[in-house]
Amino acid sequence: MATYADLLARLESVRALGVELGLERVRRALAALGDPQRRFTAVQLAGTNGKGSTSAMTESILRAAGVRTGLYTSPHLSRFTERIRVGGREADGDRLAALDARIVATGVPLTYFEVATVLAFLYLAEEGVEVAVLETGLGGRLDAVTTCEPIATAITSLALDHRDYLGDTLREIAREKAGILKPGAPCFVGALPREADDEIARVAAAVPAPLSRVGQELAAPEVPIALLGDHQRANAALAVALAKRAALALGRALAPEAVARGLADVRWPGRLERVGDDVLLDCAHNVEGAHALAAALPALAGTRRVVLLTSIVHGKDAADILAALAPRARTLVATSSRNPRAMAAAALARLAPPLVETQTVDDPIAGLARARQLAGPGGLVVVAGSIFLVGELRAHLLHEDVDPAPTSDPV
């Protein structure tokens, strides 16, 4: 019988196929498996940033309301099983491996993310979830998750990212994100640049899909939110709207107490997450995320000496990310995560803004030790720039289990 280790090896073997956007292969595999994506109510989220946090909040609210929930997000920090959750609990790796054997038996050649998505749909269906909260991986229109049949969608934010796949303008990227809209299914939208908002409104009118915007039809809930940062209020507004729509589809009312409890209890590791007194982890890995982190830091750090420990993968706007973050820190320590796409520490350091004190430490764990030393007693080390770096150091700090054979999406 296949084991979790076998599944990780298979995922790594198909990783070489890279990214091949399109829905036809996934639809063929799902049809051969009995269309598991039709066995639960679904909501789907897309966006440059915030879709993971919003997904986590949506799921937490629904779970607080007594709904049997499923959650599919990507990428993961330490374990592939983090991506697929039922009732807040990680999927069982060996169970995933057994289900994957059925996917292999379809004979449909799938990419890494396509395998992960079909596996998620199958696992959530087999586990009998009532509502699945599904985070889009890349773009929207041609992303594997878009083979689901959502009763509501959300677009959290939009900025220039993954331009090799999605386009070079905000309008082009917005068009790709808006590909998740479905006829008659309401779409809830965060604050977007005007050009992007106009394009999504155009697509929504053509689909047609009702559109509601944060700050207009949608207001942020006036309750405490466990996730840090002012930007999470807009995400919470989207999460409440999605949860209400999902509850309505189940024929239930969503009590205010469930909203309050879900937002107070939500957890989304690696996003403005404090570990101990001296480390703050944040997965900001693009320019928009870096600006959100920079905006949050003054309130979180106060007068403390801040040292930024960062690694960034090739293909990201590293200079602009550093330009946003470095001024918030006394010193920048450049390192290199173990992901094969990570920039060399020395190359990253050369992109730091002038007049920013910069050091290089190739090994991330040694880099963390050096950053703590530089921060000194009462200081704060901010780890950011790469999901892979955050995952690696979070597992080290919290002594969490990691996959025996690390694997990740091609982009």
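The values are calculated or read from the model by the stated rules, or taken from the named source; none is laboratory data. All figures in this text were calculated on a predicted structure; none of them were measured in a lab. Positions of Cβ are backbone-derived with ideal geometry, glycine not excepted, and every protein chain shown enters the neighbour counts. The protein model used for the area step is the full one, side chains on, heavy atoms only, and it has no ligands, DNA or RNA in it. Shrake-Rupley method; radii C 1.70, N 1.55, O 1.52, S 1.80 Å.
Tell me the residue from Ser13, Ser78 that is open to solvent by 10 Å² or more (accessible area, probe 1.4 Å), part of a helix (DSSP H, G or I) and either touching a Pro at 6+ places or on another chain (Cβ under 6 Å) or of a type in the set (S, T, N, Q) (or both), please.
None of the others qualify; the one that does is Ser13.
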Q. What number of residues within the stretch 314-337 satisfy the criterion of being open to solvent by 10 Å² or more (accessible area, probe 1.4 Å), touching a helix residue (DSSP H, G or I) at 6+ places or on another chain (Cβ under 7 Å) and of a type outside the set (Lys, Arg)?
A. 4
Q) What's the number of the condition Arg328 fails, among (1) charged (D, E, K, R); (2) more than 14 Å from Ala384 (Cα to Cα); (3) modelled with pLDDT under 95? A) (2)
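Suppose the filter is charged (D, E, K, R), touching a residue at least 24 places away in the same chain (Cβ under 8 Å) and open to solvent by 10 Å² or more (accessible area, probe 1.4 Å); does Lys177 pass it?
yes
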Q | Residue, surrounded by the fewest Cβ atoms within 10 Å (Cβ to Cβ), within the stretch 17-68, restricted to residues that are part of a loop (DSSP other than H, G, I, E, B), under 21 Å from the mean Cα position of the chain (by Cα) and not aliphatic (A, V, I, L, M) | A | Gly18
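Of the residues that sit in the stretch 346-364 and are hydrophobic (A, V, I, L, M, F, W, C) and out of contact with any Leu (no Cβ under 7 Å at 6 or more places or on another chain), which one is farthest from Ala384 (Cα to Cα)? Break it down stepwise before answering.
Residues of the stretch 346-364 hydrophobic (A, V, I, L, M, F, W, C): 346-349, 351-352, 355-356, 361.
Still in the running and out of contact with any Leu (no Cβ under 7 Å at 6 or more places or on another chain): 346-349, 355, 361.
On the way: Ala346: 17, Ala347: 17, Leu348: 13, Ala349: 14, Leu355: 20, Val361: 15 Å.
Taking the candidates together, the pick is Leu355.
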(Q) Which of the numbered conditions does Met1 fail, given that it passes all the others? Conditions: (1) part of a loop (DSSP other than H, G, I, E, B); (2) among the aliphatic types (A, V, I, L, M); (3) open to solvent by less than 60 Å² (accessible area, probe 1.4 Å). (A) (3)
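Can you tell which of Thr106, Thr136 is β-branched (Val, Ile, Thr) and open to solvent by 30 Å² or more (accessible area, probe 1.4 Å)? Even if it seems obvious, please write down each step before you answer.
Values: Thr136 fails: open to solvent by 30 Å² or more (accessible area, probe 1.4 Å).
That would be Thr106, the only listed residue that is β-branched (Val, Ile, Thr) and open to solvent by 30 Å² or more (accessible area, probe 1.4 Å).
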Q.
Restricting to the stretch 346-357, name every residue that is surrounded by 18 or more Cβ atoms within 10 Å (Cβ to Cβ) and either touching a helix residue (DSSP H, G or I) at 6+ places or on another chain (Cβ under 8 Å) or β-branched (Val, Ile, Thr) (or both).
A. Leu348, Leu351, Ala352
Q. Which numbered condition trips up Pro224, out of (1) over 21 Å from the mean Cα position of the chain (by Cα); (2) more than 24 Å from Gly270 (Cβ to Cβ)?
A. (2)
(Q) So, Glu288, is that one open to solvent by 40 Å² or more (accessible area, probe 1.4 Å), among the charged types (D, E, K, R) and modelled with pLDDT of 95 or more or not? (A) no
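Could you grab me the full set of residues in the stretch 200-217 that are part of a helix (DSSP H, G or I) and either of a type in the set (A, V, I, L, M, F, W, C) or under 23 Å from the mean Cα position of the chain (by Cα) (or both)? Before the answer, list the steps.
Taking the stretch 200-217 first, the residues part of a helix (DSSP H, G or I) are 200-206.
Scanning the stretch 200-217 gives Ile200, Ala201, Val203, Ala204, Ala205, Ala206.
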Q: Could you tell me whether any residue of the stretch 82-102 is open to solvent by less than 40 Å² (accessible area, probe 1.4 Å), hydrophobic (A, V, I, L, M, F, W, C) and without any contact (Cβ under 8 Å) to a residue 40 or more places away in the chain?
A: yes
Q: Considering each residue of the stretch 371-392, count those that are more than 13 Å from Ala342 (Cβ to Cβ) and either of a type in the set (Phe, Trp, Tyr) or in contact (Cβ under 8 Å) with a residue 60 or more places away in the chain (or both), and give that number.
A: 12
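Only one of Ala253, Ala220, Ala185 is buried (at least 19 other Cβ atoms within 10 Å of the Cβ), free of Cβ contacts under 8 Å to residues at least 40 places away in the same chain and assigned to a loop (DSSP other than H, G, I, E, B); which? Outline the logic, then answer.
Values: Ala253 fails: buried (at least 19 other Cβ atoms within 10 Å of the Cβ); Ala220 fails: buried (at least 19 other Cβ atoms within 10 Å of the Cβ).
Within the list Ala253, Ala220, Ala185, the selection yields Ala185.
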Q) When the stretch 364-410 is examined, which residues are found to be open to solvent by less than 60 Å² (accessible area, probe 1.4 Å) and part of a loop (DSSP other than H, G, I, E, B)? A) Gly376, Gly378, Gly379, Gly385, Ser386, Asp403, Ala405, Thr407, Ser408, Asp409, Pro410
Q. Between residues in the stretch 39-62 that are in contact (Cβ under 8 Å) with a residue 12 or more places away in the chain and residues that are part of a strand (DSSP E or B) and basic (Lys, Arg), which pairs lie under 9 Å by C-beta distance while being six or more apart or on different chains?
A. Glu59/Arg85
